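Asker: Would you mind keeping the following structure in view while I ask a few things?
The values are calculated or read from the model by the stated rules, or taken from the named source; none is laboratory data. Since we're looking at a predicted model, the values are computed, not measured. Glycine gets a Cβ as well: all are built from the backbone with ideal geometry, and neighbour counts include every protein chain shown. Note: areas computed on protein heavy atoms with side chains; ligands, DNA, RNA excluded. Shrake-Rupley method; radii C 1.70, N 1.55, O 1.52, S 1.80 Å.
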Amino acid sequence: MAATEGQWVLMATGRTPTNIAVIKYWGKRDEALILPVNDSISVTLDPDHLSATTTVAVSPSFPSDRMWLNGKEISLLGGRFQSCLREIRKRARDFEDEEKGIKIKKEDWGKLHVHIASYNNFPTAAGLASSAAGLACFVFTLGKLMNVKEDYGELSSIARQGSGSACRSIYGGFVKWCMGEKDDGSDSIAMQLADETHWNDLVIIIAVVSSKQKETSSTSGMRDSVETSPLLQYRAQTVVPGRVLKMQEAIKNRDFESFAKLTCADSNQFHAVCLDTSPPIFYMNDTSHRIISLVEKWNHSEGTPQVAYTFDAGPNAVLIAQNRKTAAHLLQKLLYYFPPQDKDLSSYLVGDKSILGDAGVHSMEDVEALPAPPEMKVPDQKFKGDVSYFICSRLGAGPKVIADESQALIDSVTGLPKGV
Ligand code: DP6
């Protein structure tokens, strides 16, 4: 059967994790190609807790490209999706499925329209790098469908053109996005520094902070910073190069003290750049500042860092604890200051719920009985409702194909999202 005839639907499904930067990307030197002004380093989160799942389908019967995100149709006209689609199509190779009688020549992929259905296993609006996981998943899965050669560096450079931070979600564990030097961006790719097993006692607790404020998107925020912040230039040229080298060493040696100090300093400098932007950008709020203060005081009282914090373009805190014991202590302190609004503890901590057991917290009575953290000066003040919920996670693996067709998000007969 020729590629452009018939009623068949061919599809692939993939799952891709989100990532959180410990050395931040902030600022582009080329807006169209998404080339950054500095290197960045991230940790990939466990896809069981924070990931995007995407099914991509092609069929001669599709009259146009369409996309559904979390069940709702969205526009595909944005230049970034089109760039990724174009770059993958360019690299598509001949494909044959003898069983289904489908044969597609590499030059015919461009004549086939795509349907894309994607969903995030965490709230898209929570500001947790959903675009990074989503774009990376789209590129990874489309590459599988179109039989693109498995070159993760190249896939990362395509994902980069969808959203800068997406290029780091192509790998698990610890990942570096090398800014590159070339004008065409071909050397601006991500690479894995170490996989998720290298330092697997780290525990990540995310505080999803309640926010009614409409936030400035990363894209427009960093554009304003590049245009107006002198601190951004200093950071990119003078501070980050040294920090990246030190961070690589800290990761290699599993040196938590250096890792934590660098992570916190880099988050704070990124937010200082935001304040140095005209008009200033405020991503963190009072709750974010309270969490920083809690961690700083605790780290100081112990004489050595127990926990690292980092904040992206929003108020949510990503807290990285050295091990489970420290994470359990951290959780006790967080629950003391930020008890749940209602009595439902089980939906207040999602992800790896077993950490609650480690913290000795099984009920709301246990939360109420938690002792005041001794390092804090005003221990009796509590901020009920200021955190929406917590996610307990860990480092995770990179993208993977989901071969089981029953898990596909698109119906193999209609070519539409299941349930539509
Ligand atoms: C603060 O990747 O969302 O999360 O490239 O314009 O799509 P675009 O921006 P995006 O920026 C992420 C910025 C950050 C830091 C980081 O992830 O390194």
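Asker: Could you tell me which residue of segment 287-323 is surrounded by the most Cβ atoms within 10 Å (Cβ to Cβ), considering only residues that are in contact (Cβ under 8 Å) with a residue 12 or more places away in the chain and farther than 20 Å from Val22 by Cβ?
Answerer: That would be Thr287.
Asker: I would also like to ask the following. Out of (1) in a helix (DSSP H, G or I); (2) modelled with pLDDT under 95, the odd one out for Thr216 is which?
Answerer: Just one mismatch for Thr216, condition (1).
Here's the yes/no breakdown for (1) closer than 14 Å to Cys167 by Cβ; (2) within 18 Å of the chain's Cα centre (by Cα):
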| site | (1), (2) |
| --- | --- |
| Gly6 | no, no |
| Leu10 | no, no |
| Asn19 | yes, yes |
| Tyr25 | yes, yes |
| Lys28 | yes, no |
| Asp39 | yes, yes |
| Val43 | no, yes |
| Pro47 | no, yes |
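Asker: Looking at Ser210, Ser218 in this structure, which one is within 12 Å of the ligand (Cβ to nearest atom) and either free of Cβ contacts under 8 Å to residues at least 12 places away in the same chain or not aromatic (Phe, Trp, Tyr) (or both)?
Answerer: Details: Ser210 fails: within 12 Å of the ligand (Cβ to nearest atom).
Going through Ser210, Ser218 in turn, just one is within 12 Å of the ligand (Cβ to nearest atom) and either free of Cβ contacts under 8 Å to residues at least 12 places away in the same chain or not aromatic (Phe, Trp, Tyr) (or both): Ser218.
Asker: Moving to a separate point now. Given the residues Leu77, Leu112, which is the only one that is within 25 Å of Thr219 (Cβ to Cβ) and away from the ligand (no atom under 16 Å from the Cβ)?
Answerer: Only one candidate qualifies: Leu77.
Asker: Could you list, in sequence order, all residues of segment 34-49 that are among the hydrophobic types (A, V, I, L, M, F, W, C) and in contact with a helix residue (DSSP H, G or I) (Cβ under 7 Å, 6 or more places away or on another chain)?
Answerer: Scanning segment 34-49 gives Ile34, Val37, Ile41.
Asker: Residue by residue through segment 21-51, note down the ones that are within 27 Å of Lys144 (Cβ to Cβ) and open to solvent by 10 Å² or more (accessible area, probe 1.4 Å).
Answerer: Scanning segment 21-51 gives Tyr25, Ala32, Leu33, Asp46, Pro47, Asp48, His49.
So that you can scan it fast, the table gives a plain yes or no per residue for (1) closer than 20 Å to Gly185 by Cβ; (2) within 16 Å of the ligand (Cβ to nearest atom); (3) open to solvent by 70 Å² or more (accessible area, probe 1.4 Å):
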residue	(1), (2), (3)
Thr55	no, no, no
Asn70	no, no, yes
Glu107	no, no, yes
Cys137	no, yes, no
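Asker: Here's something else I'd like to know. Mind counting the residues in segment 149-193 that are open to solvent by 20 Å² or more (accessible area, probe 1.4 Å), more than 13 Å from the ligand (Cβ to nearest atom) and over 18 Å from Ala32 (Cβ atoms)?
Answerer: Residues that pass the stated criteria total 10.
Asker: From Lys90, Lys105, Lys72, Lys100, which residue is more than 22 Å from the chain's Cα centre (by Cα) and without any contact (Cβ under 8 Å) to a residue 40 or more places away in the chain?
Answerer: Result: Lys90 is the single residue among Lys90, Lys105, Lys72, Lys100 that is more than 22 Å from the chain's Cα centre (by Cα) and without any contact (Cβ under 8 Å) to a residue 40 or more places away in the chain.
Asker: Please determine, by comparing only the residues of segment 14-43 that are among the polar types (S, T, N, Q) and within 12 Å of the ligand (Cβ to nearest atom), which one is farthest from Glu181 (Cα to Cα). First the steps, then the outcome.
Answerer: If we filter segment 14-43 for residues that are among the polar types (S, T, N, Q), which is where we start, we get 16, 18-19, 38, 40, 42.
Checking which are within 12 Å of the ligand (Cβ to nearest atom) leaves us with 18-19, 38, 40, 42.
On the way: Thr18: 26, Asn19: 24, Asn38: 10, Ser40: 14, Ser42: 20 Å.
Among those residues, the one meeting the criterion is Thr18.
Asker: Anything in segment 385-420 that is open to solvent by 40 Å² or more (accessible area, probe 1.4 Å), in contact with a helix residue (DSSP H, G or I) (Cβ under 6 Å, 6 or more places away or on another chain) and not aliphatic (A, V, I, L, M)? List them, or say none.
Answerer: Within segment 385-420, Asp386 is the sole residue that qualifies.
Asker: I need the full set of residues from segment 365-384 which are open to solvent by less than 40 Å² (accessible area, probe 1.4 Å) and closer than 27 Å to Asp46 by Cβ, in order please.
Answerer: Val367, Leu370
Asker: Say we look at segment 211-259 and pick out the residues that are hydroxyl-bearing (Ser, Thr, Tyr) and crowded, with 17+ Cβ neighbours inside 10 Å; which of these is nearest to the chain's Cα centre (by Cα)?
Answerer: Once the filter is applied, the top-ranked residue is Ser218.
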